[in-house]
């Protein structure tokens, strides 16, 4: 459906997107992730035709966004992070205006406007001024304007920013519904949101694609070992002696006891090595009862940090701030500690992309 080939965008000496290539297949929901400065927003702006690339091509259903911009843009519905709304218009009048701009045939405009209002559940708000709507309803109006004209592809940039938990759940449900009839690209800094609604995830860092796969398969790309968490009856040492003899086990650690006095054990094996069956049989043979057994799965956040070197960036940023603290302490020891505490609290958000992309 969308093919990005050798895409490059350069601003002077700075390369925002570096020879980026990927494909988006029809009928799936894609999550598009990247830390601040990774080139994510630049890439999306090029795909939608708002920005010209320095080099490379983007085709939408075979139509080049640079050579056939009108035909290609008809296939895309776009919701920027800040919805492009005329707040002094009513919801219905605004959507009629957008339908006209998108050259929806006059005979179809009324039906399409009513259809998108019903889909986004804003029919009851159709006669209200947009400026009087809540943030959640404004987002719904933004999505409604994006799907007018029945584009094949819907691109949503941070659709849940500023919403309360209930509104976030409602927008997620709406995105799933859109995925039934459209190809959806969702850009979000809320990793749990991406993990919950997306079929496929694209991760870029430093302008390059570092991962493209399902969430489940992405865990196989990381370098961490496999961890098996066990709960067994009895003492740690007998279980340890049994587990250490299993091929592929690197270490066996005592993780304490649960409320019932059972022993918690952490079994570390090589990457991709699953020792659950062997552990179960070996412990049963030694007459050690297994209360529970679970492979520790990495979260999307863990995977994201590892693939984008986020963990190392956090360490570097902390080191920089503590150096700054030392110099500030010498100049003004009274305020330096409080200032560094505030900055340090924001490190992860800044690196993982919780703010606006620069």
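Please treat every number below as a calculation from the coordinates, not as lab data. Every value quoted in this text rests on a predicted model; they were computed, and no experiment measured them. Positions of Cβ are generated from backbone atoms using ideal geometry, with glycine treated the same way; all protein chains shown enter the neighbour counts.
What the table shows:
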{"quantity": "Order of 4, 161 under a 10 Å beta carbon neighbour criterion, fewest first", "calculated": "161, 4"}
{"quantity": "Spin-label model distance (nm) - residue 241 vs residue 123, 7 Å beyond Cα toward Cβ", "calculated": "7.2"}
{"quantity": "For the range 112-158: rounded, prolate or oblate by the Cα gyration tensor [a/c cutoff 1.5]", "calculated": "oblate"}
{"quantity": "FRET efficiency, residue 181 to residue 64 (Cβ-Cβ, R0 22 Å, nearest 0.05)", "calculated": "0.30"}
{"quantity": "Percent breakdown of C-alpha pair distances by 5 Å bin, ordered from the shortest bin, for the range 30-127", "calculated": "2, 11, 17, 19, 17, 15, 12, 6, 1, 0"}
{"quantity": "Packing-based exposure ordering (other Cβ within 10 Å, fewest first) of 78, 11", "calculated": "11, 78"}
{"quantity": "Residue order, fewest to most surrounding Cβ atoms within 10 angstrom, among 32, 236", "calculated": "236, 32"}
{"quantity": "Using a Förster distance of 30 Å, the FRET efficiency for residue 21-residue 115 (Cβ separation, nearest 0.05)", "calculated": "0.25"}
{"quantity": "Calculated FRET value between residue 5 and residue 97, using beta carbons and R₀ = 30 Å, to 0.05", "calculated": "0.25"}
